[in-house]
Amino acid sequence: ADTEAQRMAGLRGVGFVTLRMDDALGALMSRHQGRLQWCLVDRDAGAALRRLAGPPGCDAAPRLGHSLDRVLSFAGREWELRLDASAVPIGPSKQANAWLVSLLGLIAAALLGGLLLIVTGRARRIELAVEERTRALRHEVAARQHSEEALRASEQQLQAILDTARVGIVKTDLQGRILKPNPAYCRLLGYAEDELIGRSVSQITHDDDRLEDAKLLAEMTRGECDVFRREKRYLAKGGAVVHVQSTVALLRSAVGQPEFTVGVVEDIGEHLRLAEAERARDSAESSNRAKSEFVSRMSHELRTPLNAMLGFAQLLSLDRKPVLAEHQRAWASQIQQAGWHLLHMINDTLDLSRIESGMLKLEPLALELVPLVQSALAMIEPAATKRALHIEQKIDKRARAVMGDETRIKQILTNLLSNAVKYNKDGGRVMVKARLSEGQTIEIAINDTGLGMTRAQMDGLFQPYNRLGQERGAVEGTGIGLVISRKLAELMGGSLRAHSVAGEGSTFILTLPRAPFADSDLSTGGELVAHPANYRRRLVHYIEDNETNIEVMRGILQRRSQVELSVSMNGLDGLAAIRRRRPSLILLDMHLPDIDGLELLRHLKGDDGLGSIPVVVVSADATAEHIEAALTAGAAHYVTKPVNLPNFLAILDELLDEMDTYFG
């Protein structure tokens, strides 16, 4: 079309030019009629207009004597310019006309050249415009390709996120029908993708949660909210209930109309199970604390009457004015034996409660083994002698030092040796062996020749309060001594195991870590040594609200004639009395009617005038936290009721012997 338009424009230009040429040459022809003839012809045989310029019929007129033809290419066509001259010579007078004709030809040629330049320039401008538009189109195509590639990359990233997300993501229509679930959503419910597409979410929702889902979806569709979050239950393919946290958001169209919803679904079953486990743990801990508090209160309430019973029984046994009859001394001994057994039961129960609640504190030290064994043997020696038992020791030199808490190791050894004596036969044997094992631990084996145990009894050996059928026997026990011993051994990094043959005896093996210290680092134990009571007169002030306990203390201190006892039955009176008359030593109960004993202890230690007086706590509260709090507040010793008379006098003598005598 552009080419045809150019041709027509060229024809119009040619027509204009040829008209001008026709006018000029026509005038020339009129002066040289019969001598000169010209014609401009379209060489295209199929052209509708063959003669373009010249006299009518010149394209078909016969040629004259002299002819000149020139072919011109213009506007996509070939034109032919014909010039004819007759053979009649031109005279000299006519030369001017010949020059004029030549000049006109030159002018025509120049006009044709100008026309060609005009048409060519227009074509060039068109060509440049086409090239510029082509470049613009190419740039637009490249930008569109880049946008499409970025869109594809974004879609691939989004799809990858959906495919690898650990939470379920589902797209639904406004009626709740699933349009697209991600793999995590399918795995959560156990369905394949094609099984979920087209299915309503309500079909896989628990019956009790469907109504709430429908209500929230209707509110979202009405535009009342764009997002809602709730916990709900799904029904998996196998019928299992899946607890989830569901967050549903509304997607709108370009004009703001609700179109789709997208839900993010997270499995919270594990969180719920963990929360339930934590609640169960908290409940167990609360129950454990309640049990510990109960045991502590019962321990305190039982120790108070035991203090009177054992205190007076010990005083009766020591009384020589008058001397008790033999049968009365035997009765007093029976009272003591029963009382100490009851105290042993209370202590075992309290220890087990402390271990189970994690409140038992140990102080591991490098300890020499032989003194520990000797101390435990001394505790059971009277009972062993009574039954004529033969006790042997065999301790390897390489097993002479262990790591552990001194008091607790003695407790374990005493318990094991006591059982070896109680469940042995008269005239039997008890063997204590210690060796260094391959694992650089110390093994202490206690073997007896007693009754032994069956397989069924071995299975229940370390169960609390299980006495393995000895409940109705003559041997006393609580059934928790071995349980406590094993737990104590494990807390110190060791173990306790046993093997036995019915009728042949039993062997208990205590394993403890080996102490990697030199001889100078080893402790031989902290037994109290009773110093001779060589000190002069001392004043001891006792703050106690229980009259029976006061009488027990009076009886104990009568064993030290140089000691004067003064008493206050409440804390504030005691503080005033101590300030009026400074004592050498203060005995303090922790449960007073007017002030807490621990608070009174802090007042005494914070007083510049009284802070240097040693304070010994004498209390029925045997809980570890109370003992630690009192010692931290400045108490010199903490003695639990019932009072063991020899040990208490040893503490008293040690403290009073270090003081100067100020009176008497």
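The values are calculated or read from the model by the stated rules, or taken from the named source; none is laboratory data. These figures come from a predicted structure and were not determined experimentally. Using ideal geometry, Cβ is built from the backbone for each residue, glycine included, and neighbour counts are taken over all protein chains shown. Keep in mind that these areas ignore ligands, DNA and RNA; they rest on the heavy atoms of the full protein, side chains included. Shrake-Rupley method; radii C 1.70, N 1.55, O 1.52, S 1.80 Å.
Residues in region 66-85 that are over 29 Å from L117 (Cβ atoms) and either of a type in the set (D, E) or open to solvent by 60 Å² or more (accessible area, probe 1.4 Å) (or both): how many? Quick ask: steps written out before the conclusion?
Within region 66-85, the subset over 29 Å from L117 (Cβ atoms) is 66-67, 84-85.
Adding the requirement that they be either of a type in the set (D, E) or open to solvent by 60 Å² or more (accessible area, probe 1.4 Å) (or both) leaves 66-67, 84.
Number of matching residues: 3.
Can you find a residue in region 383-393 that is out of contact with any Pro (no Cβ under 9 Å at 6 or more places or on another chain), of a type in the set (S, T, N, Q) and under 20 Å from H499 (Cα atoms)?
Restricting attention to region 383-393, the residues satisfying the condition of being out of contact with any Pro (no Cβ under 9 Å at 6 or more places or on another chain) are 383-393.
From what is left, the residues that are of a type in the set (S, T, N, Q) are 385, 393.
So of that shortlist, the ones also under 20 Å from H499 (Cα atoms) come out as 393.
Yes, there is a match, as at least one residue in region 383-393 is out of contact with any Pro (no Cβ under 9 Å at 6 or more places or on another chain), of a type in the set (S, T, N, Q) and under 20 Å from H499 (Cα atoms).
Take region 381-423 and flag every residue that is open to solvent by less than 10 Å² (accessible area, probe 1.4 Å) and more than 27 Å from Q440 (Cα to Cα).
Selection gives A384, V421.
Considering only region 579-596, state which residues are part of a loop (DSSP other than H, G, I, E, B), among the hydrophobic types (A, V, I, L, M, F, W, C) and surrounded by 21 or more Cβ atoms within 10 Å (Cβ to Cβ).
Restricting attention to region 579-596, the residues satisfying the condition of being part of a loop (DSSP other than H, G, I, E, B) are 581-584, 589-590, 592-595.
With the extra rule that they be among the hydrophobic types (A, V, I, L, M, F, W, C), the set shrinks to 590, 592, 595.
Of everything in region 579-596, those that are part of a loop (DSSP other than H, G, I, E, B), among the hydrophobic types (A, V, I, L, M, F, W, C) and surrounded by 21 or more Cβ atoms within 10 Å (Cβ to Cβ) turn out to be M590, L592.
Output the qualifying pairs, or none if there are none: Cβ atoms under 6 angstrom, residues six or more apart or on different chains, first residue in region 209-223 and free of Cβ contacts under 8 Å to residues at least 60 places away in the same chain, second residue open to solvent by 40 Å² or more (accessible area, probe 1.4 Å) and of a type in the set (D, E, K, R).
If the second residue must be open to solvent by 40 Å² or more (accessible area, probe 1.4 Å) and of a type in the set (D, E, K, R), the pairs left are D209/R233.
Can you tell me which residue within region 418-467, out of those that are modelled with pLDDT of 80 or more and of a type in the set (D, E), is farthest from the chain's Cα centre (by Cα)?
So, considering only residues that are modelled with pLDDT of 80 or more and of a type in the set (D, E), the one farthest from the chain's Cα centre (by Cα) is D426.
Taking the condition of being closer than 19 Å to L250 by Cβ and open to solvent by 20 Å² or more (accessible area, probe 1.4 Å), how many residues in region 174-188 meet it? It would help to see each step written out before you state the result.
Within region 174-188, the subset closer than 19 Å to L250 by Cβ is 174-182, 185.
Those still in the list that are open to solvent by 20 Å² or more (accessible area, probe 1.4 Å) too: 174-175, 177, 179-180.
Within region 174-188, residues that are closer than 19 Å to L250 by Cβ and open to solvent by 20 Å² or more (accessible area, probe 1.4 Å) number 5.
Please state which one of L137, L162, L128 is without any contact (Cβ under 8 Å) to a residue 40 or more places away in the chain and in contact with a strand residue (DSSP E or B) (Cβ under 7 Å, 6 or more places away or on another chain). Before you say what the answer is, go through the steps one by one.
Numbers: L137 fails: in contact with a strand residue (DSSP E or B) (Cβ under 7 Å, 6 or more places away or on another chain); L128 fails: in contact with a strand residue (DSSP E or B) (Cβ under 7 Å, 6 or more places away or on another chain).
On inspection, the qualifying residue turns out to be L162.
Can you find a residue in region 639-650 that is in contact (Cβ under 8 Å) with a residue 24 or more places away in the chain, touching a Lys or Arg at 6+ places or on another chain (Cβ under 9 Å) and basic (K, R)?
Yes - at least one qualifying residue is present in region 639-650.
Only one of these conditions is not met by V248: (1) modelled with pLDDT under 90; (2) in contact with a helix residue (DSSP H, G or I) (Cβ under 9 Å, 6 or more places away or on another chain). Which number is it?
(1)
Taking region 198-213 only, how many residues are surrounded by 14 or more Cβ atoms within 10 Å (Cβ to Cβ) and not in a strand (DSSP E or B)? I'd like the intermediate steps shown before the answer.
Our first condition is that a residue be surrounded by 14 or more Cβ atoms within 10 Å (Cβ to Cβ); within region 198-213, this holds for 199-202, 204-206, 209-210, 213.
Applying the additional criterion that residues be not in a strand (DSSP E or B) yields 199, 201-202, 204, 206, 209-210, 213.
Total satisfying the criteria: 8.
Can you name the condition, by its number, that L162 falls short on among (1) under 50 Å from the mean Cα position of the chain (by Cα); (2) at pLDDT below 85; (3) exposed (fewer than 12 other Cβ atoms within 10 Å of the Cβ)?
With (1) under 50 Å from the mean Cα position of the chain (by Cα); (2) at pLDDT below 85; (3) exposed (fewer than 12 other Cβ atoms within 10 Å of the Cβ) applied to L162, the lone miss is (3).
What about D209, is it of a type in the set (D, E) and in contact with a Ser or Thr (Cβ under 8 Å, 6 or more places away or on another chain)? Steps first, please.
On the way: of a type in the set (D, E): yes; in contact with a Ser or Thr (Cβ under 8 Å, 6 or more places away or on another chain): no.
When the stated conditions are applied, D209 does not pass them.
So is L522 among the hydrophobic types (A, V, I, L, M, F, W, C), at pLDDT below 90 and either open to solvent by less than 60 Å² (accessible area, probe 1.4 Å) or farther than 30 Å from G450 by Cβ (or both) or not? Before the answer, list the steps.
Numbers: among the hydrophobic types (A, V, I, L, M, F, W, C): yes; at pLDDT below 90: yes; either open to solvent by less than 60 Å² (accessible area, probe 1.4 Å) or farther than 30 Å from G450 by Cβ (or both): yes.
For L522, the condition - among the hydrophobic types (A, V, I, L, M, F, W, C), at pLDDT below 90 and either open to solvent by less than 60 Å² (accessible area, probe 1.4 Å) or farther than 30 Å from G450 by Cβ (or both) - is met.
So, in region 607-627, exactly how many residues are in contact (Cβ under 8 Å) with a residue 24 or more places away in the chain and closer than 20 Å to T349 by Cβ?
8
Within the group L306, L350, L360, L343, which residue is of a type outside the set (S, T, N, Q), open to solvent by less than 60 Å² (accessible area, probe 1.4 Å), at pLDDT below 75 and touching a Pro at 6+ places or on another chain (Cβ under 9 Å)?
Details: L306 fails: at pLDDT below 75; L350 fails: touching a Pro at 6+ places or on another chain (Cβ under 9 Å); L360 fails: touching a Pro at 6+ places or on another chain (Cβ under 9 Å).
Only one candidate qualifies: L343.
So, Y191, is that one crowded, with 16+ Cβ neighbours inside 10 Å, in contact (Cβ under 8 Å) with a residue 60 or more places away in the chain and under 36 Å from the mean Cα position of the chain (by Cα) or not?
On the way: crowded, with 16+ Cβ neighbours inside 10 Å: yes; in contact (Cβ under 8 Å) with a residue 60 or more places away in the chain: no; under 36 Å from the mean Cα position of the chain (by Cα): yes.
When the stated conditions are applied, Y191 does not pass them.
Regarding T247, is this residue open to solvent by less than 40 Å² (accessible area, probe 1.4 Å), within 17 Å of V264 (Cα to Cα) and touching a Leu at 6+ places or on another chain (Cβ under 8 Å)?
Values: open to solvent by less than 40 Å² (accessible area, probe 1.4 Å): yes; within 17 Å of V264 (Cα to Cα): yes; touching a Leu at 6+ places or on another chain (Cβ under 8 Å): no.
No, not satisfied.
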